[in-house]
Amino acid sequence: MKVSGFTFVRNAIKYDYPVVESIRSILPVCDEFIVAVGKSEDDTRNLVLSIGDPKIRIIDTVWDDSLREGGQVLAVETNKAFDAISPDSAWGFYIQADEVVHEKYLPAIRAAMEQYASDPAVEGLVFNYTHFYGSYKYIGDSRKWYRHEVRVIRNDKLIRSYLDAQGFRKEGRKLFVAPVDAFVYHYGWVKPPQAQQAKQQTFHRYWHTDRWIDKTVPKSETFDYSGMDYLSLFTGTHPLVMRDRIAGKDWEFTPDTSNNHHSLKSVILRFIEKKTGWRVGEYRNFRIAR
């Protein structure tokens, strides 16, 4: 059973993406890894090459910055990487440049891919998510964060990246997937405040007009991390590939988690979820295969 990892990236150094750690985290379960490297304003291409693994194959791309509705360009770049994987691969393992998988989950992921490789009813695998915010010590624990997403898909080119590359569709419908007992660690909201602010000012361009950005995005050199509700201390361990990045953290973030911002409605919905595991009104970007 052959497995192809794939991702896309652009300006990873400028916006402090942990793309090296991201790729390295799933390389052990991949036979090849396709990286669509967009034309960048920094040395992103050589950063990817610095991983030095023969499994990695770079395809050079140019982003269409005119695609400013719904983050469409992100899906386009995802599809470029997916389309470049070897035709004899059974699965494509997708990971975004700010996502990392802990090494402890790799055996379960590999086992699930082997289990469902010959079952055409299963078109992908859905993962659990942990979203870090502000620093490597805190996680987002509110309904604003998605809890699950598809990250392994069958090598079927009728499957396409959907909207802003959060999930996938096959001929317009949600994929039928199986759950895997593994988490993706999302580090997209853990950056130096200057890099986070620069990212916000740039990436909103893929969803909104310049007028909206000028009106909505604060004019500041640093990002204000104080506005997030329901933050909790992270009590687990980070992936080994993140060790050096975490050790090099050079900013402070110490929120008062006893004074989270919340409404009565959010308190009630949170209580239900914590007691039952049911998130009322949760949107799912997939269907569980029966």
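Quick note: the coordinates plus some simple rules give every number you see, no bench work behind them. Bear in mind the structure is a predicted one, so any value in this text is a computation, not a measurement. Don't worry about glycine lacking a Cβ; one is built from the backbone with ideal geometry, like all the others, and counts go over all protein chains shown.
Counted residue by residue at 0.36 nm each, then reduced by the alpha carbon distance between them, the extension gain from R287 to A111 reaches 61.3 nm. One Cα centroid belongs to the range 119-174, the other to the range 29-99; the line between them spans 16 Å. With contacts taken as Cα pairs under 8 Å and at least 6 residues apart, the chain reaches a relative contact order of 21 percent. Per the Debye calculation on the chain with a single equal scatterer at every Cα and no solvent contribution, log₁₀ I(q)/I(0) for q = 0.07, 0.12, 0.13 Å⁻¹ amounts to -0.26, -0.81, -0.97.
If you take all other residues with their beta carbon under 13 Å from the beta carbon of I56, and give Lys and Arg +1 and Asp and Glu -1, the sum is +1.
Checking the cross-link pairs K80/K249; K80/K219; K170/K215; K2/K199; K80/K174; K174/K199 against a 27 Å limit on the alpha carbon distance flags K80/K249; K80/K219; K170/K215; K2/K199; K174/K199 as lying beyond it.
Note on D229 and W207: with the Förster distance fixed at 25 Å, the Cβ-Cβ geometry gives a FRET efficiency of about 0.70. Compared with the direct C-alpha span, the chain from D60 to K104 gains 12.6 nm at full extension, assuming 0.36 nm per residue.
Charge tally for R243 (other residues, Cβ to Cβ under 12 Å; Lys, Arg +1; Asp, Glu -1): 0.
Which order, highest average first, do 79-92, 193-206 follow once you tally other Cβ atoms within 10 Å for each residue and take the mean per peptide?
On the way: 79-92: 18.6, 193-206: 17.0.
Final packing ranking: 79-92, 193-206.
The sum of -39500 (n - 2.57) across all DSSP H runs of n ≥ 4, divided by the residue count of the chain, sets its helix-only mean residue ellipticity at 222 nm to -7000 deg cm²/dmol.
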